[in-house]
Amino acid sequence: MVLGFNVLFFYFLAFFLLVGGALAVTLKSIFQSLLSFAVFLLSLAGIFLLLQAEVIGLIQILVYVGGIVALIIFTLMLIPRVEEGGNRGWLYSLPALAFLILFLSIFKSAKLTPIFRSETVSFFTLSRVLLSDFMFPLELIGVIIVASFITAYAISRREKS
Amino acid sequence: MSSYYYLILGVVIFILGIYGIIARRTLIGVLISAELILNAANLNLLTLGRFGFISVRQSQVIVLFIIALAACETAVGLALALAIYRIFKKSDLTQISELKG
């Protein structure tokens, strides 16, 4: 069997994805864990490209790497001293093991179709679906964004006294 | 490529996120782990949209909503981290155990 370009690219991206994710939850220094989280996000955007979701991959890079990671870096600058504690002991990994067993039992009974539907979704079609079928959730998301930003400002504001 | 590859990848990311949420000591580390879980959900939704469970367009629109909600959650969480540091002067979650500081 000849390995296609897609498969090689998938394994390449999955390696970086798993290493970045594992380092993001285990590294002691919070800044280094943030950088490996950025590696994780970039390779996940590559996986989205493999799934032919180019728009989502682009938005993933814009919002996550450009927005959220930068926001966390700013917060790290504002907090003067972040203690660099490691993780808690091995006992705290038991819930994750429970979830692993749950998912393995789901996989044993799952029936999945092997057909890959290649349908291109452009910005235009996506925005048309967004403004016709998902009109109400879109407006709800707008309200939630405004409320959460006002909340974030009200919580982090310095009180004069 | 079969859909199992992507689904297994999503499971591993989800489990890493669960482990991080429970075992991390700093609040920002917990937030990063929550982002990992949301990203696993995004990967699963896109995979199931491509392999014929929901339509492709609907899955991508739902992923857009999840990304927007994740941005909101991070903004509020970071504001909380700032407020907690300002009140308690430390960032270790295992030592912050009292309410109404």
For the protein assembly as shown, the per residue accessible area (1.4 Å probe, Å²) is 53 Å²
Counting just the Cα atoms, what span does chain B cover along each of its three principal axes? Round to the nearest Å and put the largest first. 51, 23, 16
Hey, got a sec? Which trypsin sites (Lys or Arg not before Pro) in the stretch B:45-97 land in a DSSP loop and have at most 14 other Cβ atoms within 10 Å? B:Lys89, B:Lys90
Each label sits 7 Å from Cα toward the beta-carbon; between A:Ala98 and B:Phe65 the label points are separated, in nm, by 2.9 nm
What percentage of the solvent-accessible surface of chain B, computed with a 1.4 Å probe over protein heavy atoms, is contributed by carbon and sulfur atoms? 67 percent
For chain A, with a Gaussian network of springs between Cα atoms less than 10 Å apart, report the residue from A:Ile59, A:Ile47, A:Ile144 with the top mean-square fluctuation. A:Ile144
Once all Cα-Cα distances of the stretch A:1-78 are split into 5 Å bins that start at 0, what whole-number percent is in each one? 3, 16, 21, 22, 17, 10, 6, 3, 1, 0, 0
Accessible carbon and sulfur surface of the stretch A:118-161 relative to its total accessible area, %, 1.4 Å: 66 percent
The rounded separation in angstrom of the Cα centers of the stretch B:27-44 and the stretch B:52-82 is 10 Å
Stretch gain in nm, segment A:Phe136-A:Ala154, where the contour uses 0.36 nm per residue and the Cα spacing is subtracted: 3.8 nm
Could I have the simple spin-label model distance between B:Gln95 and A:Phe5, label points 7 Å from Cα toward Cβ, reported in nm to one decimal? 5.4 nm
For the pair A and B, the solvent-accessible area buried on both sides (1.4 Å probe; DNA, RNA and ligands excluded), in Å² to the nearest hundred, is 7300 Å²
First measure r as the distance between the Cβ atoms of A:Arg81 and A:Phe12, then evaluate 1/(1 + (r/R0)^6) with R0 = 41 Å and state the FRET efficiency to the nearest 0.05. 0.60
Run the Debye formula on the Cα coordinates of the stretch A:1-160, all scatterers equal and no solvent, and tell me log10 I(q)/I(0) at q = 0.16 1/Å. -1.34
Provide the net charge surrounding A:Ala45, with neighbours chosen by a C-beta distance below 14 Å and charges set as Lys +1, Arg +1, Asp -1, Glu -1. -2
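The values are calculated or read from the model by the stated rules, or taken from the named source; none is laboratory data. Since the model is a prediction, treat every value here as computed from it, not as a measurement. Glycine gets a Cβ as well: all are built from the backbone with ideal geometry, and neighbour counts include every protein chain shown. Keep in mind that these areas ignore ligands, DNA and RNA; they rest on the heavy atoms of the full protein, side chains included. Shrake-Rupley method; radii C 1.70, N 1.55, O 1.52, S 1.80 Å.
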